[in-house]
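To start, the structure under review is shown below, and the notes come after it.
The values are calculated or read from the model by the stated rules, or taken from the named source; none is laboratory data. Everything numeric here is computed off the predicted structure, so don't read it as measured data. A quick note on method: Cβ atoms are made from the backbone with ideal geometry, for glycine too, and the neighbour counts reach across all protein chains shown.
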Amino acid sequence: MLKNKKKFIMSMALSLVLMSSSVPALATTTQDKDTNQKVTSESSYDLKDLNEQLVMGVTWMQSSAEYRALCYQAYNTGKTIVNEAASNFKQGDKPLAIITDCDEAVIDNNEYEAGLIGQKAGYSEKTWTQWVDHADAKAMPGAKEFLNYAADKGVEIFYVTGRNEKTCLDGTIKNLKKLGYPCVDKKHMRLKTDSSNKQPRMDEIIKDYNVIIYMGDDAGDFPINSYGKDVEDRNQLVDVNKNNFGTHFLILPNPVYGHWESALAKDYFKLSPAEKDNVRKLHLKTWTSNENNN
């Protein structure tokens, strides 16, 4: 009952904020009394403005030592899991496997994201396919070494990615091979053919393999049934599966994009830039000093 009440309150607040953003106004922002958030005017906000919100996340991923450290931490944990699984492997057991995402799990696409900053354009299939065909995404810090370490121990690597099979298969294979990743062939590449839900593709692999590690930057990269769920449900599913993270699931940091964003509101990607800005701010929990109001 409490959970449903919270969802109802959030839904009502969201509706009020979106209504506010759709009303033409001369000022850039107005104040929503119920949410204590500034509401962006529809007429004064475009994709170029929204893309400015990428700056901090992209800069952190491209520049910070902490980002690299988190990557190394995940892959080093993976080596420990691989060592244990390989030492316990017996003849007749299912072969060992790792299921990993590609983008922001083993390869870094932040040059594409950085290219959107300052532009009045967002992500599109056309520009994304051009980036994939370019095949110049860099390896994540420590990822290539980890997956080759696992492959040398007899573990097969399956790349289960949200990239479109029709438009991105060749470019993805080219990029991964260029970087020196193992198991890069059509058997081990499981790209999207219809739904973005990865669970059916993971289920096919599980039939024949003992999957010792799931790896990715999104809750949807793990078999926890998070696809299509809202913010509260996604968080709850992660909490229920908390003991698997660091022991069976390896998650990589990505503050720039993911299903966490689309979970913020129903039909999120149909919203205008101003509406997206307002939805994001609605989810902020804030504290403000009285001095800031003077």
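If I ask for residues that are without any contact (Cβ under 8 Å) to a residue 24 or more places away in the chain and either exposed (fewer than 14 other Cβ atoms within 10 Å of the Cβ) or outside the structural domain of Ile205 (by TED's automatic domain parsing) (or both), which ones from region 68-100 would you list? Within region 68-100, Ala69, Thr80, Glu84, Ser87, Asn88, Lys90, Gln91, Gly92 qualify.
Asn292: over 19 Å from the mean Cα position of the chain (by Cα), farther than 30 Å from Gly122 by Cα and touching a residue at least 12 places away in the same chain (Cβ under 8 Å), yes or no?
No: the conditions fail for Asn292.
The number of residues in region 226-237 being more than 14 Å from the chain's Cα centre (by Cα) and aliphatic (A, V, I, L, M) comes to 1. Cβ-Cβ contacts under 6 Å between residues 6 or more apart (or on different chains), taken from a first residue in region 169-191 that is touching a residue at least 12 places away in the same chain (Cβ under 8 Å) and assigned to a loop (DSSP other than H, G, I, E, B) to a second residue that is of a type in the set (A, V, I, L, M) and surrounded by fewer than 20 Cβ atoms within 10 Å (Cβ to Cβ), are listed as Pro182/Ala151; Val184/Ile173. Quick check: is even one residue across region 137-145 assigned by TED's automatic domain parsing to the domain that holds Asp218, under 15 Å from Lys79 (Cα atoms) and in a strand (DSSP E or B)? Within region 137-145 (the criterion being assigned by TED's automatic domain parsing to the domain that holds Asp218, under 15 Å from Lys79 (Cα atoms) and in a strand (DSSP E or B)), the answer is no, since none of the residues qualifies.
Restricting region 138-157 to residues that are surrounded by fewer than 21 Cβ atoms within 10 Å (Cβ to Cβ) and of a type in the set (A, V, I, L, M, F, W, C) leaves a set whose member that is farthest from Ala219 (Cα to Cα) is Ala151. No other residue among Lys229, Lys285, Lys270 is within 30 Å of Glu111 (Cβ to Cβ) and either at pLDDT 95 or above or of a type in the set (A, V, I, L, M) (or both) apart from Lys270. Scanning region 255-294 for residues that are loosely packed, with under 15 Cβ neighbours inside 10 Å and of a type in the set (S, T, N, Q) gives Thr286, Thr288, Ser289, Asn290, Asn292, Asn293, Asn294.
For region 247-254, the count of residues that are closer than 20 Å to Trp128 by Cβ, buried (at least 17 other Cβ atoms within 10 Å of the Cβ) and of a type outside the set (A, V, I, L, M) is at least one. Restrict the check to region 101-111 and report whether at least one residue is touching a helix residue (DSSP H, G or I) at 6+ places or on another chain (Cβ under 7 Å), of a type in the set (Val, Ile, Thr) and closer than 26 Å to Glu165 by Cβ. Scanning region 101-111 turns up at least one residue that is touching a helix residue (DSSP H, G or I) at 6+ places or on another chain (Cβ under 7 Å), of a type in the set (Val, Ile, Thr) and closer than 26 Å to Glu165 by Cβ. Quick check on Pro223: is it in contact with a Leu (Cβ under 8 Å, 6 or more places away or on another chain), at pLDDT 95 or above and either surrounded by 18 or more Cβ atoms within 10 Å (Cβ to Cβ) or small (Gly, Ala, Ser) (or both)? Considered against the rule, which asks whether it is in contact with a Leu (Cβ under 8 Å, 6 or more places away or on another chain), at pLDDT 95 or above and either surrounded by 18 or more Cβ atoms within 10 Å (Cβ to Cβ) or small (Gly, Ala, Ser) (or both), Pro223 comes out as no.
All of (1) more than 17 Å from the chain's Cα centre (by Cα); (2) of a type in the set (S, T, N, Q); (3) at pLDDT below 95 hold for Thr247 with one exception: (3).
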